[in-house]
Amino acid sequence: MSSTITASEEAQLAQTIEMFEVITQSQPQDYQSLEILKEAYSKLGKEPQVVGTSKRIAQAYVQMGQLSSAILEYETILQRFPDDPDVQSALKDIEAKANNFPVGPPPDTSTLKRNGDTATGLKKSGDRLVIPTDVEDGRKAMYRLFVESKTISAGDFELCWPKYDLAGAGSTIVEPFISVLEDKDILPSERSLKLLSDKSRCAFLPLNLYDLDMDLARTFPAGTCRQWGVLPFDRISKSVLVATVNPFNQQAAKELSAACGQRLLWYLASPVELVKNLRKAFR
């Protein structure tokens, strides 16, 4: 372990490893979580685990058809361990696959879009960013996901979709859509979260088991977090981890990105835990 790591940092890294091992075991293609896991192992100087996690990242890329990314990950291992038999075998398998699959990310055949992390030129007003009247808050994608899949009716969707006050200052927390569905006995939040996780590829993270960085959260516009139900809760290297219950909210992503300029990694959270921690962060 590096001598620069304090006992408190070591404990935090150990918690990160425990949490993200659980996440990646249930969702082995979640390469973003695997990257976080690899970095935590690296900071603790656990070389075998770093290499093992790197192999898992490469395997995730292969499963998603992103062969070029997998090759780069494997080649990173070979730079340190040129005789690794697992990597050499995997690269041979990829070479065989390349004859049948296009190298690179597969075409996006889904009409659903996840949160991006591209900063915009939004201006600040008070504790939140000025936003246009026409925003991509994820409504269309959520409608397709919940209604067109016949999970809920169109009427139930209209009844429960939040009434956002785009001209407001975000002084109160808007109750999340999946919370309203549960409150009205239309759909349990567990089913909503599973549906969202399956279609958005966002992993679920139990906030009640995570040591949330409230000081980090408070560096972001309170109005943005309250309005859109998003909570930045940790920073790993150059990435900020954000909890949400609507991974298709492009406007939330734009506002948070404009506030920090860093890469955002999105995780689904229990709406109850999300709202509770939003209240704690922004009293």
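Readers should treat all values here as calculations from the given coordinates under stated rules, not as data from a laboratory. Note that this is a predicted model, so its numbers are computed, not measured. Note: ideal-geometry Cβ built from the backbone for every residue, glycine included; neighbour counts use all protein chains shown.
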* By the scheme Lys and Arg +1, Asp and Glu -1, what is the net charge of all other residues having a beta-carbon under 15 Å from that of L44? -> -3
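Mind ordering 15-21, 220-226, 258-264 by average Cβ neighbours within 10 Å, highest first?
Final packing ranking: 220-226, 15-21, 258-264.
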* **Cβ-based charge dipole, the stretch 130-246, positive-most Cα from S179, V135, T219** => V135
* Asked: By how many nm would the segment from V22 to T219 grow when fully extended, if each residue of separation counts as 0.36 nm and the alpha-carbon distance is taken off?
  -> 68.1 nm
* Please work out the C-alpha center-to-center distance from the stretch 1-78 to the stretch 213-283 and express it in whole Å. => 23 Å
* Asked: About its Cα centre, how strong a charge dipole does the stretch 169-283 have in debye, to the nearest 20, once Lys and Arg get +1 and Asp and Glu get -1 at the Cβ?
  -> 300 debye
* Asked: Say each of R235 and R283 gets a label point 7 Å from the Cα, pointing the same way as Cα to Cβ; how far apart are those two points in nm?
  -> 2.3 nm
* Once you have the Kirkwood Rh of the stretch 143-271 from its Cα pairs, apply Stokes-Einstein at 37 °C and 0.692 mPa s and quote D in µm²/s. => 215 µm²/s
* Structure fact -> Note, F233: beta-carbon cut-off 12 Å, +1 each Lys/Arg, -1 each Asp/Glu, net -2
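Step through the table entries K194/K238; K163/K199; K163/K184; K43/K238, compare each Cα-Cα distance with 22 Å, and write down the pairs that go over it.
K194/K238; K163/K199
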* Structure fact -> Two pseudo-spin positions, 7 Å from Cα along C-beta at K140 and at L166, lie apart in nanometres by 1.3 nm
